[in-house]
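I have placed the structure first, in the form of structure tokens, so that the comments after it can refer back to it.
What follows is calculated from the coordinates using simple rules that are stated; it is not laboratory data. For clarity, every value in this text was computed on a predicted model and none was experimentally measured. Backbone-built Cβ (ideal geometry, glycine too); neighbour counts: all protein chains shown.
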Amino acid sequence: MMRALELFSGLGGWRLALGGRGEVAAAYDVNQAANATYALNHGEAPRARELATIPLRELAAHGADTWLLSPPCQPFCRMGNHGGLDDRRSRAFRHLLALFPELVPDRLVLENVGGFLGSDAHALLAERLRAHGLHRLDLEACPSRFGLPNQRPRVFVVASRRPLKARPLPELPARRIAEFLDVEEDAALYLPEAILARHRRGLDLVTADDRRSTCFIGGYGQRYVASGSFLRTPQGIRRFSTSEVARLLGLPEGFRFPEEVPLEARYKLLGNGLSIPVAAWALSHLDG
């Protein structure tokens, strides 16, 4: 059984993906909305600590043997500044890898966007793992291979003291978007004509019968173009609701947000979240 640190814990995606493989010894995130949502859904709150300055003794005190982490993707994403380790949002990642030689876990799984592979951050992580005797796999996967009608390609770095072997990706046919929609839709999600007149040509439009949607990013609640798909219905064109996006990520049906978390913040948290079936597949590489 793994005893894991869930770092940059967000909505608790790694905790859900971990399932019966182990337990979360401690979760860490500085985002108040994320921590409130985590507490509501998982029954305990993450530690609201800045990982860029966390002392070695605090992490060591948890007795964890596994690191599960999804560091900020903006330094590596297509629409980011590609600053890599020089980006201020990489400070926490750099600090954790500085602590790594004194707190080497038996296992590690990291999730990020495709631009992470080949970056200076990836090179630093690979060097740390190699120097301390951990085997490593670099994996790429998309929920569209797992039956989910959503294109969200991500990379995973899986490391273990035990030798690793890549597992084949599933080839499940994508289900219809209709299966992920709310029974009663929210009329407030429909885009007004003024917005459609300005952005219609740039919108990625899908229908309930389609079997694909584009990646929902953190800015979906504010942006229109290249932020995620929009649903065309007989009544017009609307955003996907947060519960619909949650289902497309593989979050459980009972997943919910605290009432005080505003809509834009909910979209941002989902946009930074994990696809649960894909994360579980990455973790399966640590099995036996």
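What number, rounded to the nearest 500 deg cm²/dmol, is the helix-based mean residue ellipticity at 222 nm of the chain, given -39500 (n - 2.57) per DSSP H run of at least four residues and division by all its residues? Mind showing how you got there, number by number?
Values: 9 runs with 75 residues, N = 288.
For the chain, the value works out to -7000 deg cm²/dmol.
Rounded to the nearest 20 debye, what is the charge dipole size of the chain about its Cα centre when +1 sits on each Lys and Arg Cβ and -1 on each Asp and Glu Cβ?
On the way: 37 positive and 32 negative charges, 139 e Å.
Magnitude of the dipole: close to 660 debye.
What is the distance in Å between the Cα centroid of the stretch 38-99 and that of the stretch 222-268?
25
Please name which of L129, A98, L283 has its Cα lying farthest along the dipole of the chain towards the positive end, using unit charges on Cβ (Lys, Arg +1; Asp, Glu -1) and the Cα centre as origin.
Farthest towards the positive end: L129.
Which label marks the calculated value of Kirkwood radius over Cα pairs in Å, given the options (i) 18.5; (ii) 19.7; (iii) 23.2?
(ii)
How much length, in nm to one decimal, is gained on full extension between E185 and L56, taken as 0.36 nm per residue of separation minus their Cα-Cα distance?
41.7 nm
Zone of E193 (label point 7 Å along Cα→Cβ, backbone N under 18 Å): which residues in the stretch 210-244?
Label zone hits: 233-238.
What do you get for trypsin sites (Lys or Arg not before Pro) in the stretch 1-96 restricted to DSSP loop and a cutoff of at most 14 other Cβ within 10 Å of the site's Cβ?
R78
What spacing in nm lies between the two simple spin-label points modelled at R21 and R212, each 7 Å away from Cα in the Cβ direction?
If labels sit at R21 and R212, their model points lie 2.9 nm apart.
Compute the length gained on full extension between V225 and L137: take 0.36 nm times their separation in residues and subtract their Cα-Cα distance, giving the result in nm to one decimal.
In short, 28.3 nm is gained.
Among A226, L191, S213, whose Cα lies farthest out toward the positive end of the dipole of the stretch 177-259, if unit charges sit on the beta carbon of Lys, Arg (+1) and Asp, Glu (-1)?
About the Cα centre, the residue reaching furthest to the positive side is A226.
Label points 7 Å out from Cα along the Cβ direction at A48 and R176: separation in nm?
Here the modelled spin labels are 4.5 nm apart.
Under unit Cβ charges (Lys, Arg +1; Asp, Glu -1), what dipole magnitude, rounded to 20 debye, does the stretch 140-250 have relative to its Cα centre?
Here the size comes out at about 700 debye.
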